């Protein structure tokens with residue numbers, strides 16, 4: 001048998017198209033390019049991404065499990081509307097999960113970890129940094145705070161909840177971006193989280209996380225209340 005060089009087969013090509021389709025549709029939904037409450041046919045979505053119906057169907061199954069779309073009978077899909085009750089449900093679950101993990105994580109993070117996170121938190125307060133500019137870093141910041149104590153299932157739950165909350169957060173904080181005072185507050189809020197973790201006191205840390213979540217929900221609720229009904 002002749003020796004083989006490199007990879008003999010490429011079995012994940014179709015799956016890669018599904019993953020790319022899922023990622024691009026998710027990005028468009030979270031950014032609001034595919035607006036909440038709007039409806040699209042599978043043909044339209046396939047045309048936008050220049051792919052066949054098959055990867056679109058697979059992508060929509062994943063996005064429906066994340067609460068981002070609602071499939072319709074036939075060949076159409078509704079981009080999940082924004083809803084105050086859903087928002088409250090997301091944050092109710094976050095207030096159960098995140099403080100508990102934070103209680104344990106504060107005892108596991110190193111001083112070097114916290115020093116790095118403090119520098120990152122300070123950057124969130126720069127006036128030129130809008131929510132769109134910092135969102136990926138903001139996600140990474142919170143993941144770094146919690147991941148030392150998070151199991152694989154914890155991380156799956158957190159990422160699902162964060163994705164569900166992302167559209168609300170982008171709208172809420174996006175409306176506040178023109179105000180320089182908001183940038184300062186945003187940076188201070190995240191520096192306060194790092195300071196709480198530096199105490200290594202689980203009760204202090206859990207309370208800080210709960211207050212942070214309450215503030216974010218309040219901002220998102222106020223923004224959602226101003227959105228026109230669809």
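The values are calculated or read from the model by the stated rules, or taken from the named source; none is laboratory data. Source: prediction; values computed, not measured. Heads up, the Cβs are rebuilt from the backbone with ideal geometry, glycines too, and the neighbour counts pull from every protein chain shown.
Scoring residue 227 on the criteria (1) at pLDDT below 80; (2) in a helix (DSSP H, G or I) leaves a single failure, condition (2).
Residues in the range 96-116 that are surrounded by 13 or more Cβ atoms within 10 Å (Cβ to Cβ) and within 30 Å of residue 60 (Cβ to Cβ): 97, 98. Residue-level analysis places residue 87 among those that are closer than 21 Å to residue 27 by Cα and assigned to a helix (DSSP H, G or I). Residue 81 meets each of the listed conditions (1) in contact (Cβ under 8 Å) with a residue 40 or more places away in the chain; (2) assigned to a helix (DSSP H, G or I) apart from (2). Residues in the range 18-42 that are more than 18 Å from residue 167 (Cβ to Cβ) and either touching a strand residue (DSSP E or B) at 6+ places or on another chain (Cβ under 9 Å) or buried (at least 16 other Cβ atoms within 10 Å of the Cβ) (or both): 18, 21, 41, 42. Scanning the range 104-114 for residues being in contact with a helix residue (DSSP H, G or I) (Cβ under 9 Å, 6 or more places away or on another chain) and assigned to a helix (DSSP H, G or I) gives a total of 5.
Is it the case that residue 60 is under 19 Å from residue 170 (Cβ atoms) and either within 22 Å of the chain's Cα centre (by Cα) or surrounded by fewer than 17 Cβ atoms within 10 Å (Cβ to Cβ) (or both)? So residue 60 fails the test.
All conditions in (1) outside the structural domain of residue 174 (by TED's automatic domain parsing); (2) more than 21 Å from the chain's Cα centre (by Cα); (3) crowded, with 17+ Cβ neighbours inside 10 Å hold for residue 75, with the sole exception of (3). Against the definition (under 17 Å from the mean Cα position of the chain (by Cα), under 25 Å from residue 89 (Cα atoms), at pLDDT 90 or above and assigned to a helix (DSSP H, G or I)), how does residue 143 come out, yes or no? So residue 143 fits the description; yes. Can you find even one residue in the range 103-111 that is over 19 Å from residue 150 (Cβ atoms) and at pLDDT 90 or above? Yes; the residues of the range 103-111 include at least one that is over 19 Å from residue 150 (Cβ atoms) and at pLDDT 90 or above.
Each row is one residue, and each column tells you yes or no for (1) without any contact (Cβ under 8 Å) to a residue 60 or more places away in the chain; (2) over 20 Å from residue 67 (Cβ atoms); (3) part of a helix (DSSP H, G or I); (4) not assigned by TED's automatic domain parsing to the domain that holds residue 66.
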{"position": "155", "(1), (2), (3), (4)": "yes, no, yes, yes"}
{"position": "171", "(1), (2), (3), (4)": "no, no, yes, yes"}
{"position": "197", "(1), (2), (3), (4)": "no, yes, yes, yes"}
{"position": "213", "(1), (2), (3), (4)": "no, no, yes, yes"}
{"position": "218", "(1), (2), (3), (4)": "yes, yes, yes, yes"}
{"position": "221", "(1), (2), (3), (4)": "no, no, yes, yes"}
